[in-house]
Structure formats: C-alpha cells, structure tokens
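Chemist: I have a structure here, written as structure tokens, and I will follow up with some questions on it.
None of the figures in this text is laboratory data; all of them are computed from the coordinates on show. Bear in mind that the values here come from a model prediction, so they are computed numbers and not experimental data. Here the Cβ is made from the backbone with ideal geometry for all residues, glycine too, and neighbour counts use every protein chain on show.
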Amino acid sequence: MGNIIATKCKSCGFSNEFRYGGGRFSYQTHCPVPAINKETLKFENINYLEHKDSDKYLFYSDNILKGNNFDNNTINNFDLKLNMVNNYCPSCKEKSLDFRITMFTD
Ligand SMILES: [Zn+2]
C-alpha cells in the first residue's frame with residue numbers, strides 16, 4: 001500500500017525520491033508524505049500523521065503545491081491525493097515537478 005516515488009523537474013532537472021504511504025502493519029501510525037518545510041522551503045519526507053495539524057508544513061496533497069493536472073492522474077493513499085504532474089519544485093519554484101511510482105511497498 002505504500003509507494004516509492006521518484007520526482008523529476010521538467011524545468012530545472014531537480015530530482016529526488018520519497019516514500020508515500022505506510023506499510024501494511026504500520027500505516028496507522030506511519031504515513032510518509034512529501035512536504036515543503038515552510039521555514040526552510042526544503043523538500044522533506046515526513047510522517048503525515050504526526051504533522052497533519054502542524055502549520056509548519058505544506059503537503060503535496062494540498063492544492064497550493066499543485067499546478068495544472070491535465071489528465072487528472074493522481075496517486076492516492078486513503079484520503080491523500082498527489083498529482084502526477086506539475087507539482088511545486090523546491091529548486092526552481094516552478095510548478096513543473098513530476099512524480100513517478102518506481103516501487104510498491106507493503
Ligand atoms: Zn525545478
């Protein structure tokens with residue numbers, strides 16, 4: 001039920017990898033999601049369940065980090081939805097970061 005997701009920015013070439021969604025036995029306490037730390041503006045892979053009520057982070061499931069999603073493809077984990085294309089890039093600040101699932105974890 002979890003994924004490893006690779007990112008790639010169409011504009012500046014930035015790329016990294018993050019975990020999305022917890023494992024079969026840990027999903028109730030551990031649900032890693034991609035987020036932007038509002039203080040440092042850095043990309044972080046944090047536990048949604050620990051930080052969802054915090055205002056320290058913007059999550060990639062929030063509309064503010066999403067750009068045009070022409071084909072409406074999303075990667076879902078319970079209530080969380082990520083767009084596969086045109087997400088906020090922490091490097092060049094454009095909405096040009098694409099997500100691609102590279103591995104399914106359980
Ligand atoms: Zn970029």
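Chemist: What is the local net charge at GLU94, summed over the other residues whose Cβ is closer than 14 Å to its Cβ (Lys, Arg +1; Asp, Glu -1)? Please list the in-between numbers first.
Modeler: Working: positive: LYS8, LYS10, LYS66, LYS93, LYS95; negative: ASP98.
Overall, the nearby charge balance is +4.
Chemist: A follow-up question, please. Residue separation times 0.36 nm, minus the C-alpha to C-alpha distance between SER11 and LEU41: what's the value?
Modeler: Value of the extension gain: 9.0 nm.
Chemist: Let me ask something else about it. As a check on your grasp of the helix formula, calculate [θ] at 222 nm for the chain: sum -39500 (n - 2.57) over DSSP H runs of n ≥ 4, divide by the residue count, round to the nearest 500.
Modeler: So the calculated ellipticity at 222 nm is -500 deg cm²/dmol.
Chemist: Another question, then. For the range 28-81, what's the relative contact order in percent, using C-alpha pairs closer than 8 Å and at least 6 residues apart? Mind dumping the intermediate values first?
Modeler: Values: 57 pairs, mean separation 15.3, N = 54.
Once divided by the residue count of the range 28-81, the mean separation gives 28 percent.
Chemist: Stick to Cα atoms and the Kirkwood definition of Rh, then tell me Rg/Rh for the range 2-105.
Modeler: Value, to two decimals: 0.94.
Chemist: Go ahead and set up a Gaussian network model of the chain, Cα springs under 10 Å, then flag whichever of ILE46, ILE64, ILE75 fluctuates most.
Modeler: ILE64
Chemist: Related question: Report relative contact order for the chain in percent, whole number only (criteria: Cα-Cα under 8 Å, sequence separation at least 6). Display every interim value, and only then the final one.
Modeler: On the way: 227 pairs, mean separation 33.4, N = 106.
With pairs under 8 Å counted, the relative contact order is 32 percent.
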